[in-house]
Amino acid sequence: MATLFERIVSYHPEFDRDLVERAYHFASKAHEGQVRLSGEPFFVHPLAVAHIVADLRMDEVTIAAALLHDVLEDSNVTEEALQREFGDEVTRLVQGVTKLNVGFSYTSKEETQVENYRRLFVAMAEDVRVIIIKLADRLHNMRTLKYQNRQKKEEIARETLEIFAPIAHRLGMYAMQVELENLSLFFLDPEAYCAIQRGVERLKAEREAQIEEAKRQIAERLRRAGIEGEIQSRFKHIYSIYNKLRRQNLNLEDLPDLIALRVIVRTVEECYAVLGIVHSLWNPIEGRFKDYIAVPKSNMYQSLHTTVIGPKGLPMEVQIRTWDMHQVAEYGIAAHWKYKEGKTQGADDGFDERMAWLRQILEWQQDLKSTREFMESLKISLFDDEVYVFTPKGDLKKLPRGSTPIDFAYLIHTEVGNTCVGARVNKKMVPLDYELKSGDIVEIITSRSSSGPSADWLKIAKTPAARSKIRAFLRKKNQEMNREKGRELFVREMEKYSLTPEENSKVTENLNAFLERERLKDVEDLYVAIGEGRYSARYVVNKIIPYAIRRRFQEKKKTGIARPFREEESVIVQGESNLVVRLARCCAPVPGDDIVAFVTQGKGITVHRRDCSNLAALVQDANRFLSAEWVEGIEGRFHTGIVVEALDRPKLLADVSGAISNCQVEIKAVRAHTVADEARIHLVVEVKNREELEEVFKEIRKVANVQSVKRGGVFSPR
């Protein structure tokens, strides 16, 4: 406790010592007798979390809540007892963290994960100190992750890398972001981590003289100019190096920003003066200067960055900032926390600006019913690398890298996006899928007679906000049509089953539970969703009709069938079900795929997936295409191909095969080869339908080092 107090006093001498001391003793007693997986007393964990929060220079209320953050979940302490002892503010923070830790019971792991993330962002919006405690909690758990089993290690490390480290980045908490990323990499790819660590240590020894010479030269020039400043040096952190080496295919020695000098001065004017000194000492590398002081990052990070050819001809990055900027860069949102009459409050408008992205997430996530869409949009929002563009009047706008004029239009105003008919960039007409670059001057051309955005715009727009507004427009425009379409599809699917009154009652109960779980207001809202294609009618009916009833229906359908379907009898072509067809080996369709038939000269009718790349060569023979659909209720096993691309490592093939086996899916053939550490594995598997195949894809993506999983053709085992 003495060490914790010393840390708090160093930045907040007048803190409420009694509050922190009471929280310390209360938590220690509540967790008495409990142990962690490491064998240490459980209280070691909340105490470590409190130390991390204190390192972020947070207020005593947050530190007290950090000490108490597990008492509601992992001890017999009640909310009432906590309220009596510590009051509203501490209790509210502990409740917030506890709610983030308690899981939901959903029908899939993805739904559970998405709901946890939704809850995470709501908690952040209510009081950002909740997420600061949660990040500290995650950091200490990552530091002690070695005591978990292998699968748990990888699950926690991947979630940390995909969600918690980006949140730390978005909140500007650089030091925490770096440690979370490095620890995650260590547990996901320990070989790569150790190789880079050894390389960095070797280069540190080799380049120490260069670094010291550069620091000496800058210090001498600062002294002559009468500028007081501190010069620091650092090597790029391991996870960042890992990403750059993979993206740019470089050697460690060739990274231009591997070494960075940091010059910290008193004023903004001195920052630009130091920039001039640096450029007079060494030649800058073209295109490697960034002014984040004039144009701060969205997490309010400010600094000048320039890369120069330093002593001995080696590239070196120099960062220049004031002490205030340095505090924000290191501590992020915590640097905005001030102390006034024992209360905590955001320091300035920068706090509100820093949290603007969170409000955007809470707005557009309401429109996303698909868990896949939510996760994809969330990662874009958290990981964004920005471009800076201008309106014709010179106003600066920030967008994620990869954004298009459509994203820009909706950033200006919803109505500008909805009436957009074209765009000029730097006074030249460009297509709407043009990728914006920093420095572009963008002008949106609008027309009141515009019919509005089309569904194709969803493929062009990159920002979640733009896609949300496009969906809202399309939904409003087509809502009535989609409602009728959805009602018709749903009723047609339901009419297949002869339900008793008792069964009808159960189905109605299941339907209401489905509506609540999916956040649909009523059955009319469900019809719209089906009509829009957010759900298939069969998917909904399978969710609400008990399995026993569906099985009875299937058995009834099978009555009179003397033998099971053969693969070639699983497809209806042009309404005929007795034609001899074969499934194309190039794309290997399975039930659930959108299919089309093609009359092949001398080989009869071949059925392809509609997205099969080989169909492009057959467009000139359009009269030989026939409509095709799967026989309803078809049951059987179908061969299809999976192509896995990954960074090679020992036991990669075994882990991929194990992931497939976890889904109770049989592997029929395998081919694998490696070129320059890049592995490509082609498998033929036997699945019931596309839904089962997508489950296999999800499992494979969890395997360490896997970069992509996609469909492939089939081949015979050798």
Are any of the residues in the stretch 651-660 hydrophobic (A, V, I, L, M, F, W, C), closer than 30 Å to residue 193 by Cβ and surrounded by fewer than 13 Cβ atoms within 10 Å (Cβ to Cβ)? yes
Out of 714, 696, 703, 665, report the one residue that is within 16 Å of residue 587 (Cα to Cα) and crowded, with 17+ Cβ neighbours inside 10 Å. 714
When you scan the stretch 442-474, how many residues do you find that are over 20 Å from residue 398 (Cα atoms) and among the charged types (D, E, K, R)? 4
Any chance residue 153 is among the basic types (Lys, Arg), assigned by TED's automatic domain parsing to the domain that holds residue 70 and assigned to a helix (DSSP H, G or I): yes
Within the stretch 247-258, considering residues that are touching a residue at least 24 places away in the same chain (Cβ under 8 Å) and in a helix (DSSP H, G or I), the one surrounded by the most Cβ atoms within 10 Å (Cβ to Cβ): 252
Across the stretch 444-475, the tally of residues that are surrounded by fewer than 19 Cβ atoms within 10 Å (Cβ to Cβ) and at pLDDT 90 or above stands at 2
Matching residues in the stretch 168-208 (in contact (Cβ under 8 Å) with a residue 40 or more places away in the chain and surrounded by fewer than 14 Cβ atoms within 10 Å (Cβ to Cβ)) number 1
Selection count where residues are more than 12 Å from residue 129 (Cα to Cα) and of a type in the set (Val, Ile, Thr), scope the stretch 39-76: 4
If I ask for residues that are within 30 Å of residue 202 (Cα to Cα) and in a loop (DSSP other than H, G, I, E, B), which ones from the stretch 259-302 would you list? 282, 285, 286, 287, 288, 289
If I filter the stretch 680-718 down to residues being assigned to a helix (DSSP H, G or I) and charged (D, E, K, R), which single residue comes out as farthest from residue 615 (Cα to Cα)? 699
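The values are calculated or read from the model by the stated rules, or taken from the named source; none is laboratory data. The model shown is predicted, which means the values in this text are computed figures rather than measured ones. Cβ atoms come from the backbone with ideal geometry, glycine included; neighbour counts cover every protein chain shown.
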